[in-house]
Every structure is written in structure tokens, then in C-alpha cells.
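J.: Before I ask anything, here is the structure I am working with.
Laboratory data are not the source of any read-out in this text; all were calculated from the coordinates shown. Keep in mind that this is a model prediction, so the values were computed, not measured. Counting neighbours? That spans all protein chains shown, and the Cβs are built from the backbone with ideal geometry, glycine included.
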Amino acid sequence: MTAIFRALRPALAALFLALPVAAETSGARYEALLAELRGAQSAAEADRLSDEIWQVWLTAPDAAAQEVLDAAMQRRVNYDFAGAIGHLDRLVETYPDFVEGWNQRATMYFLVGDFERSLADVAEVLVREPRHFGALSGKAVILYQQGKVPLAQIAVREALKHHPFLNERFILNAGGGQQL
């Protein structure tokens, strides 16, 4: 799973790269990782911490959920986006509190160009884990692509509170509206 994630990370980070959170997000180690990331002093340090957070997010609540998530991720790697969405539909129906199910489905909807469904799933992610910098950055990218630059900038600013070295920072310098 780690090799797949590392291979896809650059492309998907620009999209959403946001993954699971349920009971594990209340753990002391998870909270410590988020705190360390907020205080990161370099991009390298932030990348290392972000990778660890992604591993938490990518850990499903049980073996059955992990199997479905892994199957969806494999379908995504093979560009079977419809198949991945089908698995993720099952995942969010069966495990509605598993944040990464919502986030991965948001990513799939983004990849197929269904921005409205993607944003709806991002909203579900942020209800469950408002610090999900992947979902926030994905939201920013969608809003930016829709020409809603001021709203995209708000999402980027929120994401940067949790991950100070996100690539989506470039949106803060984009024109196309008043700075908010």
C-alpha cells in the first residue's frame, strides 16, 4: 500500500489526498503528529509527518473495511474509476464514520470531473475531520478550477493551518477575485 501511495502522491496531492479517520483520529499519536506537522520547520519535515498521517488515515476500522478500501485503491491505480467508486460507495454506506472512504470517493469523483459530488463528499470528510488537509486542499483545487478563487483561497488558508507546506499555496497568489 505504501508503494502505491508514494507513486500516486504527487498527482493526488494536487487533488485531495485525504484518507481515513475514525476512532484512530482521537489517538494520542495522531494528535501528536498533527501538532508536529503544524509546527514543521521545513518541507522535508512536513512531508515525513504528512506521510505518517496518511498511514493513519489509510488504516480502515477493521479488516473487512480495509479489504474494500484496498480494492478501491487498486482499481484507481488501474484507472477503473467507476469500479473504485462502486467499492467506495459500499465503504461509505457500511462505515459512514470512516473518513477516508468519503475522501477517496471525493478523489474519484474529482478524477471523473464530477466536481459537485466531489465537493459533497469533501463536506462529509470535513464534518468528521475538519483538520483533513488533503480534503481541504482538494476543495481548494476544485474551487480554483471553477474560477471561485476567493473561496479556493479560504480553503487553502484553512489547510495551511494544519500543513504549512502544501503545494496548493500557489492559489493564494492567484488572481481572479478579491483577496479574502
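J.: Which whole-Hz ³J(HN,Hα) couplings does the range 150-156 yield from phi under the Karplus relation 6.51 cos²θ - 1.76 cosθ + 1.60, θ = phi - 60°, glycine and proline marked x?
T.: After applying 6.51 cos²θ - 1.76 cosθ + 1.60, I find x, 5, 4, 5, 4, 5, 5 Hz.
J.: Let me ask something else. Give me the Debye-computed log₁₀ of I(q)/I(0) at q = 0.17 Å⁻¹ for the range 15-153, equal point scatterers on Cα only, no solvent, two decimals.
T.: One equal scatterer on each Cα of the range 15-153 leads to -0.90.
J.: Just the Cα atoms of the range 102-180, one point each, no solvent: what log10 I(q)/I(0) does Debye give at q = 0.13, 0.21, 0.26 Å⁻¹?
T.: With one equal scatterer per Cα and no solvent, log10 I(q)/I(0) is -0.34, -0.87, -1.22.
J.: Putting +1 on Lys and Arg Cβ atoms and -1 on Asp and Glu Cβ atoms, find which of Gln153, Trp102, Ala135 reaches farthest to the positive end of the dipole of the range 26-180.
T.: The listed residue farthest towards the positive side: Gln153.
J.: Arrange Tyr95, Tyr30 by Cβ neighbour counts within 10 Å, fewest through most, would you?
T.: Tyr30, Tyr95
J.: Work out the charge dipole of the range 23-180 with +1 on the Cβ of Lys and Arg and -1 on the Cβ of Asp and Glu about the Cα centre, then indicate which of Leu34, Asn173, Ile53 is farthest towards its positive end.
T.: Asn173
J.: ³J(HN,Hα) across the range 52-66 via Karplus (A = 6.51, B = -1.76, C = 1.60, θ = phi - 60°), whole Hz, x for Gly/Pro?
T.: Values, residue by residue: 5, 5, 4, 5, 5, 4, 7, 9, 6, x, 7, 4, 5, 5, 4 Hz.
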